[in-house]
Structures are given as C-alpha cells and as structure tokens.
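What follows is a short report on a single structure.
Quick note: the coordinates plus some simple rules give every number you see, no bench work behind them. Model, not experiment: these values are computed from the prediction. Here the Cβ positions follow ideal geometry from the backbone for every residue, glycine too, while neighbour counts run over all protein chains shown.
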Amino acid sequence: MHRVVALVRPVQSTFELGCGAEVFGTPRAGVPQYYEFEVCAERPGPVPTTAGYALNVTRDLSALDTADTVLIPGWLPVETPLPPAVRRALLRAHARGARLVTICSGVFALARTGLLDGRSATTHWARAAQLEWEFPAIRVEPDVLYVDHGDVATSAGAGAGIDLCLHLVRKDHGPAHAALLARHMVLPPHREGGQIQFAPPPPPSDALDGLLEWVEARLDKPLTVEDMAAHLRVSPRTLARRFADQLGTSPGAWLLARRVAEARNLLEQTDLPVDAIAVRVGLASAVNLRRRFRDRVGTTPGAYRRAFRTPGP
C-alpha cells in the first residue's frame, strides 16, 4: 500500500488538504484502494483551518519517515520561514526516495528546501511573480496546471491540485484506474499539465487611447496590425513600440490572445460549433482556431469545452 502523508500547518486550507484526501484517502465502492492517507504536523494537536474549525492531528514529523508521497497542501502566509525540523524531515524523506508534492502555495515550502533549484515549478498565477522573485534559481511556469519531475511535483491553484493528484494516480496505477476514480468524483478524467491556468483575462486598458476597446468590439472582423495603427493615426512601428512599453507584448500577439480568450468564453457559455466560433472571433476557420487554440491553451477547443462548459447558459 502506497503511503501518502500530508504535512499541515496553521492556518491550513481545508480545500487544498481535501484535494489529497479525496483522491488518495477516500474509500469508494467499486474502486480499488491503493493508497493510505495520513496527516502530520510539526507539533501534533489542534491545527486551525481556513474553515474556522481545528484539525486534531495526532502524528508528528516522524510520519514522513515512512511516507511514499509527502503532500504539502498549501503554505500560508507564503513568507513563513521553513522550520529547521520540517526542512530536515522533507530532505530526509526525499533522500530515501519519497515523492514530494505541493498544491498551490505549498511550493514556497518546497522551494525553501533547495530541491527545486535549477528546475521548473508552478503555483497559483497570482503568486507566480512572488515565487520567481524570491527564488530566482527556480524556473517558474505561471501558465501551467502542474509540473511533475518524478521526485518532486508542483501544482497551480487549488483546483489544479486535484489534476496533479489524479495525474499521479495515472502514473502509479494506469489511466483506467485514474478514469474510474475521476468518474466517482464527477470530474474530467484528465487535464494535461501543460494546459494554461484558466485565469480570467485582465480588463481592457485605455492606455492606448481607446484602441483596445475599439478592437474588442470588432473581434469578429479580420483586423490587422495596420488597421490598429491606422485607427490611432500612427505607424505600425510606433504602435509596436507603444504596445511593448505599455503592455509588454506586440499588437499581433495581443490581438491573437484576445481572439483566443473570446473563443474560450464562447466554448464555455454557448453550444455554437467550433467553425461558427472561429468566425465570431475573427479566426476564419475551425482549422485555424484549433491550431491557434492549441498553441496558446495547450489543448483542443473540444477538450476545453468538455472540461469547462457552463451548464444551462
């Protein structure tokens, strides 16, 4: 039996801990139980949670000495130093072959062990810049759901923690068992780690004299960078310089990102076929939309719709 031990601390996120408990620790009729799930803390006893109640944790860090997978389900506040005893326990577990896994802000604890130096990792998109600033030796990937190196794995925001846990089940026991478990949890059977985090796009800015709003209202038109420059009565080169200065990207890249973002909205909220969505967002054909969508989102329009379709729009 594979032992999964979650390391909790005050104030513990109940959702992030629940991601691991649901995947690894919940018995289900008709689903083989391949994991044992346990919780430990640096100091056993009541551990406050974000839900307002306390967990009664009976195991101390010695539980990590026999864990096959160590789960760190969040680490808040993220600035909290890693206690020396916790650091030693994590490094000891890793040295004897345990897999270290983090959900969301838990990556900040793992980063303080040094085990992520020189490697890629992810976290919630809102904390990616902080992770990159505090740990420059880590290659932060802010746009993916999870990163798995085998011995260490990190996930994005809390929901992506379930994706990572199911991914680990798939590695351990095959896709059929992971799909069976996902069906019992009423979840999509598989979201690839390379998919982007589905954070809402930022609202348009008026920093370009209303150009962004003008384009937003015309996404179904075959606009070009030259059309955008003409609207502002500037040259394409000047427009490119203003985009780089104010938005950190090029006009063409921004326009494509907005077209794909609108395609995502239509896939989530309507039953329109893919070819009709392609026309509505100015990408002309379903073939073009599929290619652009996969390049930017990391999956197909059909797979995205199955995962994120809003019921009863």
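Observations on the model:
- Within the set (i) 95, 56, 41; (ii) 46, 43, 41; (iii) 68, 43, 35, the number that Cα extents along the principal axes in Å takes when calculated for this structure is listed as (iii).
- Extreme residue, positive dipole direction of segment 2-184, given options Tyr53, Pro73, Phe24 (C-beta unit charges): Phe24
- Net charge dipole, the chain: roughly 460 debye, given to the nearest 20, about the Cα centre with Cβ charges of +1 for Lys and Arg and -1 for Asp and Glu.
- Scanning residues 5 or more positions from Arg99 or on other chains, those with amide H under 5 Å from its amide H are Thr69, Val70, with H placed 1.01 Å from N in the peptide plane.
- Beta bridges per DSSP with both ends in segment 2-184, % antiparallel, nearest 5: 25 percent
- Relative contact order for segment 19-152, counting Cα pairs under 8 Å that sit 6 or more residues apart, in percent: 17 percent
- In degrees, nearest ten, helix 84-95 long axis to first principal axis of the chain (Cα): 80 degrees
- Distance from segment 23-94 to segment 121-193 (C-alpha centre basis), Å: 18 Å
- Computed extension gain for Asp148 through Arg88, at 0.36 nm per residue and net of the alpha carbon distance, reaches 19.4 nm.
- Relative contact order of the chain, taken over Cα pairs closer than 8 Å and 6 or more residues apart, is 12 percent.
- Near the amide H of Arg139, within less than 5 Å, lie the amide hydrogens of Gly118, Arg119, Ser120, Ala121, all on another chain or at least 5 residues away, with H placed in the peptide plane.
- If the chain linking Asp220 and Ala276 were pulled fully straight, counting 0.36 nm for each residue of separation and taking away their Cα-Cα distance, it would gain 19.1 nm.
- The Cβ shell under 12 Å around Ser120 holds other residues with a net charge of -3, Lys and Arg each +1, Asp and Glu each -1.
- In degrees, nearest ten, helix 286-297 long axis to first principal axis of the chain (Cα): 50 degrees
- DSSP beta bridge pairing in the chain, given as percent antiparallel to the nearest 5: 25 percent
- Distances between placed amide hydrogens fall under 5 Å for Thr50 paired with Gln12, Ser13, Thr14, all partners being 5 or more residues away or on another chain.
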